[in-house]
Amino acid sequence: MLKFNFEEQLKNTINNFAKSKGIEEQISFVVEIPPKNINADLALNAAMIIAKKVRTNPRIIATELIEIISKEFANTIKSAEIAGAGFINLHFTDEFLQQELNKILSKKQDYAKQENVNKDKIMVEFVSANPTGPLHIGHGRGAAIGDSLSRILKHLGYNVVKEYYLNDVGNQMNVLGESTKTRYRQLKGEDIPFLEDGYKGEYIKDIAQDLINEGKKFEEIDFKKESHTRILETIKKDLEQFRVNFDSWFSESKIASDKDENGKTQVDNVCQYLKEKGDAFEQDGALWLKSTLYGDDKDRVLRRTDGRYTYLASDVAYHKNKYEREFAQVINLWGADHHGYVARIMAAIQMLGQKKEALKVILYQLVSLVRNGQPVAMSTRSGEFITLKDVLDEVGTDACRFFFLLRAPDSQLEFDLELAKKQTSENPVFYVQYVNARCQSILKDYKEDSSTANLSLLSTKEEKDLIKKLISFEDTLLICDKTKSPHHLTTYLIETADIYHRFYEKCRVLGEDKELEKARIQLLKAVSIIITVGLDLLGVSAPNKM
RNA sequence: GCGCCCAUAGCUCAAUUGGAUAGAGCGUUUGACUACGAAUCAAAAGGUUAGAGGUUCAACUCCUCUUGGGCGCGCCA
């Protein structure tokens, strides 16, 4: 992880220094952007780590290191000092800031793209809602996180494939077909009861009504197929409205129904394989996965006594299939209610010869919808849940995505519909979008060529703070990668907006001295690039006018 | 009962995975539009990080216990 090009050299220098102190192994220290309350551009904890190894005072080590660093990095580091328990705080030279600012201006939307690294193939599997009903608000959170994380990883140079796993086989599809059929007959006037465990949502009635309107004959309708394709169609439409597009739709039938030359499905084969390997065993007429071998609470059934496979069996086969497609890392986004499932699937992939690290399951906590402070009920049982589409139609895609990406997946999210709709400062999405609108309203009237600007004229605190924030964009994306969460980017954009608005207040652009005006125009262009790219990675638009 | 996640300012949440004086937004109070968009800015108040122990040079972060919340615990998907 390198955010600035001199970092590698810095690490070498420090490691050589450590060697001179008699430390042979590579030491692991961080080069980081310090917390806000610290007045520094970069911080190193290397002195503390070296001091511990050679059992001496970190401040002595730090003093020696500072001397070396200030000499060797005079072009980038203006000054360095010891702080706290032995941190070394670094300050950039103005030349370095200008150079980085130029990098943003020349690379434009490709800024912070990593080249010739991270060629690994990564799969991000998310949403994967059963095609038995429309997407609800919870799927929306998973969709936003998965899509945005994918965009960020792609920007960082990974080869990312976004996949939707479609559970389109099994009993649930039969129930779906029967549900529609029953509704159809009821609408035709038959006095029959609805299925006990059928799908009770209004959308089933709508499908039945559509089928009636289309005038098809009852005997000729394949209710299962019709329901499935129509629901899938609405799911795809909702995702499109949400600006989420998948690279791959993977159907469960491929591994659970399709047969190879021996008449076996992929599920058959993987179960056979695990059995031969000794990781699965027969007991009480069922086939069990010995998941306790890898830390699960209990062993799990793969094939029932009646011969039918469980959902787990397909999922094991599905994951085997993923690795056969040569994904170095697989990321799954699951709702937190699936957490009990993590241990068994982790066990399974290890049985299949993968390292634990090859699978990362991100659990996102559920969303609670609030309107005017009052909770909005959403129970799938009664069929009355809030669909993603309802929310999108009400608050719009931008606000919806931004709100979903505001928090770490681990924390429960309160989503206030009224707040998301507000076009005021209470609403952070407008606060960030407003930055670009302000930039563009100045830039649109500026006709001169600013590319020759002398950036050293950007000398006020506000301007320097803004440049420093802009050049930490790359670091922010790397943190998102490391923590596998886009919310750091959302926070970054809000902070950047804050610093920009402060700059805007203090520093006039148009009508200043011609040269200063030019330099500030360049700064505005850079701001606009970062805000636009950053919002795009969240899947949020950055309009020029609002 | 067992397991997973969580508990941070009045409210909603951050804190770069063990670092420094725990930060934002909203809300509250007080100010700023005859200059590029006031959808903005400046300032103030607000904290024993649920509680108690422990590990460490260093703990919101790791370990143990307690309290309080969410979610799981099927040969369902």
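Is it the case, given these coordinates, that A:K119 is assigned to a loop (DSSP other than H, G, I, E, B), under 30 Å from A:N159 (Cα atoms) and either over 27 Å from the mean Cα position of the chain (by Cα) or basic (K, R) (or both)?
Working: assigned to a loop (DSSP other than H, G, I, E, B): yes; under 30 Å from A:N159 (Cα atoms): yes; either over 27 Å from the mean Cα position of the chain (by Cα) or basic (K, R) (or both): yes.
It is true that A:K119 is assigned to a loop (DSSP other than H, G, I, E, B), under 30 Å from A:N159 (Cα atoms) and either over 27 Å from the mean Cα position of the chain (by Cα) or basic (K, R) (or both).
Take A:L65 and decide whether it is touching a Phe, Trp or Tyr at 6+ places or on another chain (Cβ under 8 Å), farther than 30 Å from A:W249 by Cα and in a helix (DSSP H, G or I).
Details: touching a Phe, Trp or Tyr at 6+ places or on another chain (Cβ under 8 Å): yes; farther than 30 Å from A:W249 by Cα: yes; in a helix (DSSP H, G or I): yes.
For A:L65, the condition - touching a Phe, Trp or Tyr at 6+ places or on another chain (Cβ under 8 Å), farther than 30 Å from A:W249 by Cα and in a helix (DSSP H, G or I) - is met.
Give me the pairs: first residue in the stretch A:382-400 and at pLDDT below 90, second residue in a strand (DSSP E or B), beta-carbon distance under 6 Å, and six or more apart or on different chains, which are they?
A:F385/A:H136; A:I386/A:L369; A:T387/A:H136
Out of all the residues in the stretch A:408-435, which are more than 17 Å from A:G534 (Cβ to Cβ) and either in contact (Cβ under 8 Å) with a residue 60 or more places away in the chain or near RNA strand B (Cβ under 6 Å from one of its atoms) (or both)?
Filtering the stretch A:408-435 down to residues more than 17 Å from A:G534 (Cβ to Cβ) leaves A:408-427.
Hits for the stretch A:408-435 are A:A408, A:P409, A:D410, A:S411, A:Q412, A:L413, A:E414, A:F415, A:Q423, A:T424, A:S425, A:E426.
Of the numbered conditions (1) more than 30 Å from A:K225 (Cα to Cα); (2) at pLDDT 95 or above, A:A74 fails exactly one; give the number of that condition.
(2)
Please verify whether A:A40 is in a loop (DSSP other than H, G, I, E, B), more than 10 Å from RNA strand B (Cβ to nearest atom) and modelled with pLDDT of 90 or more, treating the condition exactly as stated.
It is false that A:A40 is in a loop (DSSP other than H, G, I, E, B), more than 10 Å from RNA strand B (Cβ to nearest atom) and modelled with pLDDT of 90 or more.
For the stretch A:142-159, give me each residue that is within 12 Å of A:P486 (Cα to Cα) and either surrounded by fewer than 22 Cβ atoms within 10 Å (Cβ to Cβ) or not small (G, A, S) (or both).
Matches in the stretch A:142-159: A:I145, A:D147, A:L149, A:R151, A:I152, A:L153.
Condition check: over 23 Å from A:Q522 (Cβ atoms) and within 9 Å of RNA strand B (Cβ to nearest atom). Does A:I479 satisfy that? Write out each step before concluding.
Values: over 23 Å from A:Q522 (Cβ atoms): yes; within 9 Å of RNA strand B (Cβ to nearest atom): yes.
For A:I479, the condition - over 23 Å from A:Q522 (Cβ atoms) and within 9 Å of RNA strand B (Cβ to nearest atom) - is met.
Can you spot a residue in the stretch A:164-173 that is part of a loop (DSSP other than H, G, I, E, B), crowded, with 21+ Cβ neighbours inside 10 Å and among the small types (G, A, S)?
There is no residue in the stretch A:164-173 that is part of a loop (DSSP other than H, G, I, E, B), crowded, with 21+ Cβ neighbours inside 10 Å and among the small types (G, A, S).
Being out of contact with any Asp or Glu (no Cβ under 7 Å at 6 or more places or on another chain), outside any loop (DSSP other than H, G, I, E, B) and within 20 Å of A:Y504 (Cβ to Cβ) narrows it down to one residue among A:F403, A:F415, A:F430; which is it?
A:F430
Here are A:L97, A:L105, A:L149: which of them is in a helix (DSSP H, G or I) and within 15 Å of RNA strand B (Cβ to nearest atom)?
Of A:L97, A:L105, A:L149, the one residue that is in a helix (DSSP H, G or I) and within 15 Å of RNA strand B (Cβ to nearest atom) is A:L149.
Among the candidates A:G539, A:G534, which residue alone is on the phi > 0 side of the Ramachandran plot, in contact (Cβ under 8 Å) with a residue 12 or more places away in the chain and either crowded, with 17+ Cβ neighbours inside 10 Å or not acidic (D, E) (or both)? Even if it seems obvious, please write down each step before you answer.
Numbers: A:G534 fails: on the phi > 0 side of the Ramachandran plot.
Going through A:G539, A:G534 in turn, the sole match is A:G539.
Would you pick out the residues in the stretch A:75-110 that are surrounded by fewer than 15 Cβ atoms within 10 Å (Cβ to Cβ) and without any contact (Cβ under 8 Å) to a residue 12 or more places away in the chain?
Scanning the stretch A:75-110 gives A:G84, A:S106, A:K107, A:D110.
Inside the stretch A:449-505, can you point out the residues that are of a type in the set (G, A, S) and in contact with a Lys or Arg (Cβ under 6 Å, 6 or more places away or on another chain)?
Passing the criteria: A:S450, A:A453.
List the strands (runs of 3 or more DSSP E) inside the stretch A:299-366, counting only whole elements, that have at least 1 residues being farther than 22 Å from A:E282 by Cα.
The qualifying strands (runs of 3 or more DSSP E) are A:329-335, A:359-364.
Could you grab me the full set of residues in the stretch A:483-504 that are near RNA strand B (Cβ under 8 Å from one of its atoms), more than 25 Å from A:K447 (Cβ to Cβ) and over 11 Å from the mean Cα position of the chain (by Cα)?
Result: A:T491, A:I494, A:E495, A:A497, A:D498, A:H501, A:R502.
Taking the stretch A:278-298 as the search range and keeping residues that are within 7 Å of RNA strand B (Cβ to nearest atom) and not in a strand (DSSP E or B), which one is nearest to A:V267 (Cα to Cα)?
A:G285
Those residues that are surrounded by fewer than 17 Cβ atoms within 10 Å (Cβ to Cβ) and of a type in the set (G, A, S), I need them from the stretch A:260-283; list them, please.
A:G263, A:G278
Of the residues A:V330, A:V301, A:V342, which is more than 9 Å from RNA strand B (Cβ to nearest atom) and of a type in the set (V, I, T)?
Values: A:V301 fails: more than 9 Å from RNA strand B (Cβ to nearest atom); A:V342 fails: more than 9 Å from RNA strand B (Cβ to nearest atom).
The match here is A:V330.
The values are calculated or read from the model by the stated rules, or taken from the named source; none is laboratory data. On a predicted model such as this, the values are computed, not experimentally measured, just so you know. Heads up, the Cβs are rebuilt from the backbone with ideal geometry, glycines too, and the neighbour counts pull from every protein chain shown.
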